[in-house]
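Comments concern the structure below.
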Amino acid sequence: MGLRGTNQGLSRYHNRRIVLGYIREHGPAARGDIARDVRLTVQTVSSIVRELEESGYLRLRREQPRGRGAPAQMLHLNPDAAHAIGIGVSPLGVSAALVNLAGDITAHASRPLAGPDPEDGFRLIGELVATMRARCPEARILGAGMAIPGPLDVEGMSFVGPATLAGWNGIPLRERLAALTGLPAFIEIDTAAAAVGQHLHGEGRGLDQFYYLHLGAGLGGAMVRRGQPMRGAFGNAGEIGHVPVVPDGRPCTCGNRGCLECYVSLDAFRHRPAGQDEAGWAAAVAPMFHRALTIIENLFDPESIILGGLASPALLGALVATTGALPPSVSARRNRRLPRVIAASDTHSVLRGAAARALAEVLSPTADRDYDYPDDPLCDGQAA
């Protein structure tokens with residue numbers, strides 16, 4: 001972990017998050033190991049652990065004996081101690097899930113609606129949040145994260161074209177979500193959210209560096225390193241769909257011509273020739289698709305590219321089936337451990353990632369929080 005604790009007197013808010021974050025990242029740990037790695041005293045760690053146990057975030061378990069002496073007591077995360085609500089808004093409708101600290105989905109519901117406007121969208125979000133709370137009334141909910149199509153705040157590109165969400169541009173999304181839910185609220189681009197979800201519970205789990213390619217109404221992606229997506233200076237990194245690949249090609253809603261998502265996207269699939277099935281369409285667009293893959297590989301050198309999104313498993317599988325003989329790139333190595341392209345199997349990655357964004361924001365220590373809040377959720381509202 002890059003973050004460290006501090007032994008100064010007014011930093012328990014910060015230190016609680018350091019200790020909990022260490023166990024979330026590294027798994028079960030002993031007090032002494034935590035103290036050494038985050039540079040806190042054992043006494044400070046023991047005091048914080050006691051608070052987190054009392055609040056239900058940690059569980060103490062004694063390991064099996066491995067020789068002489070008493071077996072070590074290890075601190076385990078209680079994944080159901082807290083949850084966040086992950087919300088996804090797309091041109092197909094609105095969905096939501098209640099997600100625990102381990103990324104497991106406790107409850108899920110969706111409301112299909114083509115191209116929801118803001119009023120319909122937030123009405124459905126309110127209904128879904130109420131559903132999540134009714135299904136798990138005892139859940140401690142720390143925040144809400146909403147994933148929406150990108151890019152954001154870009155003239156002529158935000159919420160237009162196949163990823164259209166008419167009327168959403170300029171809406172104070174975070175403020176409206178916070179007012180609607182009564183929770184700390186956070187906004188994430190759907191590709192970045194899905195990439196994090198893949199790291200938590202998908203094919204990206206256990207990978208140090210991978211690229212997530214999101215086949216939705218448009219086409220986007222995110223490079224993930226150690227569980228964190230590359231977001232860019234303004235949060236819009238990964239718009240691979242707007243890379244021009246055909247000179248003087250089809251007009252794109254972004255203002256350019258021949259952009260990749262004009263050929264490889266669900267919108268392009270919907271406009272395929274009559275009678276063409278998934279395999280036939282995948283074969284037809286394979287040259288464009290493969291060009292995108294080699295661009296990604298040569299730019300980012302990932303362990304693998306994970307293809308997911310709103311497409312059906314059959315369509316994702318058909319596209320991956322075309323990658324048996326890809327063009328040369330830096331990823332063409334004999335000692336590869338994984339295929340160059342893998343189809344994602346988790347259909348709720350966006351919701352997991354949106355909830356994970358909210359949990360990370362609420363639970364992560366930051367430099368400007370060097371004092372205790374009286375309503376800190378890590379100590380059940382009791383100031384230390």
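The values are calculated or read from the model by the stated rules, or taken from the named source; none is laboratory data. Since this is a predicted model, take the numbers as computed values, not measurements. Reconstructed Cβ throughout: ideal geometry from the backbone, glycine too, with neighbour counts over all protein chains shown.
Conditions first: (1) more than 20 Å from Leu152 (Cα to Cα); (2) buried (at least 21 other Cβ atoms within 10 Å of the Cβ). Gly227 passes all but one, so which condition is the exception?
Here Gly227 clears every test but (2).
Looking only at the range 124-143, which residues are basic (Lys, Arg) and surrounded by 14 or more Cβ atoms within 10 Å (Cβ to Cβ)?
Arg133, Arg140 - these are the residues of the range 124-143 that are basic (Lys, Arg) and surrounded by 14 or more Cβ atoms within 10 Å (Cβ to Cβ).
To keep it simple, each residue is scored yes or no on (1) without any contact (Cβ under 8 Å) to a residue 12 or more places away in the chain; (2) among the acidic types (Asp, Glu); (3) surrounded by 14 or more Cβ atoms within 10 Å (Cβ to Cβ); (4) out of contact with any strand residue (DSSP E or B) (no Cβ under 6 Å at 6 or more places or on another chain).
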residue	(1), (2), (3), (4)
Phe300	no, no, yes, no
Pro328	no, no, no, yes
Arg337	no, no, no, yes
Glu361	no, yes, yes, no
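Return the total of residues in the range 9-29 being over 16 Å from Leu359 (Cα atoms) and touching a strand residue (DSSP E or B) at 6+ places or on another chain (Cβ under 6 Å).
Final tally of qualifying residues: 2.
Would you call Leu310 crowded, with 17+ Cβ neighbours inside 10 Å and modelled with pLDDT of 95 or more?
no
So how many residues does the range 37-53 have that are closer than 27 Å to Leu200 by Cβ and surrounded by fewer than 13 Cβ atoms within 10 Å (Cβ to Cβ)?
Residues that pass the stated criteria total 0.
I'd like to check something: does the range 54-74 contain any residue that is acidic (Asp, Glu), on the phi < 0 side of the Ramachandran plot, modelled with pLDDT of 80 or more and surrounded by 14 or more Cβ atoms within 10 Å (Cβ to Cβ)?
Within the range 54-74, none of the residues are acidic (Asp, Glu), on the phi < 0 side of the Ramachandran plot, modelled with pLDDT of 80 or more and surrounded by 14 or more Cβ atoms within 10 Å (Cβ to Cβ).
Give the range 227-254 a look and list any residue that's farther than 30 Å from His201 by Cβ and at pLDDT below 85, or say none.
Selection gives Thr253, Cys254.
Mind checking which residues of the range 246-287 are in contact with a strand residue (DSSP E or B) (Cβ under 7 Å, 6 or more places away or on another chain) and assigned to a loop (DSSP other than H, G, I, E, B)?
Asp248, Gly249, Arg250, Cys252, Asn256, Gly258, Val264, Ser265
Any residue at all in the range 135-150 that is within 23 Å of the chain's Cα centre (by Cα), more than 21 Å from Leu180 (Cα to Cα) and modelled with pLDDT under 95?
Yes, there is a match, as at least one residue in the range 135-150 is within 23 Å of the chain's Cα centre (by Cα), more than 21 Å from Leu180 (Cα to Cα) and modelled with pLDDT under 95.
Does the range 178-194 contain any residue that is within 23 Å of Pro91 (Cβ to Cβ) and over 18 Å from the mean Cα position of the chain (by Cα)?
Yes - at least one qualifying residue is present in the range 178-194.
Restricting to the range 174-189, name every residue that is more than 11 Å from Gly145 (Cβ to Cβ) and of a type outside the set (Lys, Arg).
Glu175, Ala178, Ala179, Leu180, Gly182, Ile189
Since Leu200 meets every condition but one in (1) outside any loop (DSSP other than H, G, I, E, B); (2) over 20 Å from Glu119 (Cβ atoms); (3) at pLDDT 90 or above, which condition does it not meet?
That leaves (3) as the condition not met.
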